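Read-outs: derived from the displayed coordinates by stated rules, not from any lab. What you are looking at is a predicted structure, and each value in this text was computed from that prediction instead of being measured. Cβ coordinates were reconstructed from backbone atoms using ideal geometry, including for glycine residues, and neighbour counts include every protein chain displayed.
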Amino acid sequence: MTELLWYITAALAIGSGLGVVMLRMPLYSALSLVLHLFTMAAMFAFLDAHFLATTQIIVYAGAIMVLVIFVIMLLSLEGTEKRPSIFLIGIAGAAAFGLLYMMAPAIRRTFPMTGGSLQGDVGTIGKSLYTDYIFSFEIASLLIMVAIVGAVVLAKRIKKNAT
Amino acid sequence: MPLSNYILLSAVMFSIGAVGVMLRRNTIVVFMCIEIMLNAVNLSFVTFSKLHNDISGQVGVFFVMVVAAAEAAVGLAIMISVFRSILSVETTDSSELKL
């Protein structure tokens, strides 16, 4: 049952990923990406990374995608670019499939069937984050601070009579 | 589910994202393809974290998400600012620096 669910999720992930690349309207690409992020959250849940699955939905699908869709609608973008030729897509797809087909047995041989019994809950990640990675954590807060200021400065409309 | 399947899925997703970055002209779609690539790498991070029974991989994914959020804010601000000056977000239209 879990296996069937996994394959359905993987197919959805690949399909929606292809949708982001292939669809002509940027808005449809963005909606396809939302589906993709949800399937990735499901993959994290399959790997017992519960905290990351939740964060993925809240931060990516919730915050980042709202921002992207907001910008697409603000600029009222429409699909104006030409579709690349089917021939090139076919060659690229065949090459990618061939490489993967050669790689897959090696990867299957190298990796064990299942991993450890690690549970990525809030407690475990928080403990690691606040002890081993405390410096990176502080730097990350600084980075977000800089990003906020940078976004405001970049997106602000500059007055005509300003220097 | 064998862990190799997650690695294969991650490889496929990364390739799809990379192809999107190379093929698409629209900056916002290119940005979204970068997000796909980041997510593919996140998936392999979590898989290796499970494989080695070590939480560090998941902490890495957390930081990747933080950087992606910062990148989204600044990147979209740059796109708005570019759109104001040349009324387009296509990569082919912003060729001022081209020789």
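Note down the nm distance, to one decimal, between modelled labels 7 Å out along Cα→Cβ at A:Ile134 and at A:Thr2.
3.6 nm
Where Lys and Arg each count +1 and Asp and Glu each count -1, what net charge lies around B:Val82 among other residues with Cβ under 12 Å from its Cβ?
Details: positive: B:Arg84; negative: B:Glu90, B:Asp93, B:Glu96.
Taking every Cβ under 12 Å from that of B:Val82, the sum is -2.
Testing the spin-label approximation: label points 7 Å from Cα along Cα→Cβ at A:Leu12 and A:Leu142. State their distance in nm.
Taking the two extended label points, one gets 4.1 nm.
Using θ = phi - 60° and the Karplus relation 6.51 cos²θ - 1.76 cosθ + 1.60, list the HN-Hα couplings for segment A:10-16 in order, rounded to whole Hz, with x at every Gly or Pro.
5, 5, 4, 4, 5, x, 6
Tell me the mean residue ellipticity at 222 nm calculated for the protein assembly as shown from its helices only (DSSP H runs of n ≥ 4, each -39500 (n - 2.57), averaged over every residue, nearest 500). Mind dumping the intermediate values first?
Numbers: 10 runs with 193 residues, N = 262.
It comes out at -25000 deg cm²/dmol, rounded to the nearest 500.
Sort the following peptides by mean Cβ neighbour count (other Cβ atoms within 10 Å, averaged over residues), highest first: B:43-54, A:89-100.
Peptide ranking by packing, descending: B:43-54, A:89-100.
Can you pull out the GluC sites (Glu not before Pro) in segment A:53-152 that DSSP calls coil and that have at most 12 other Cβ atoms within 10 Å?
Numbers: sites: A:Glu78, A:Glu81, A:Glu138; in loops: A:Glu78, A:Glu81.
Passing both the DSSP loop test and the Cβ count: A:Glu78.
Running a GNM on chain A with Cα contacts under 10 Å, which residue among A:Leu47, A:Leu77, A:Leu12 ends up with the highest mean-square fluctuation?
A:Leu77
Anyone know which of B:Ile36, B:Ile80, B:Ile16 comes out most mobile in the 10 Å Cα GNM of chain B?
The residue that fluctuates most here is B:Ile80.
Could you work out the Rg to Rh ratio of the protein assembly as shown, with Rh taken as the Kirkwood radius (inverse of the mean 1/r over all Cα pairs)?
Values: Rg = 19.7 Å, Rh = 19.7 Å.
We get a ratio of 1.00 for the protein assembly as shown.
What net charge is computed for the residues neighbouring A:Lys127, neighbours being all others with C-beta under 14 Å from the C-beta of A:Lys127, Lys and Arg scored +1, Asp and Glu -1?
Computed value for this residue: -3.
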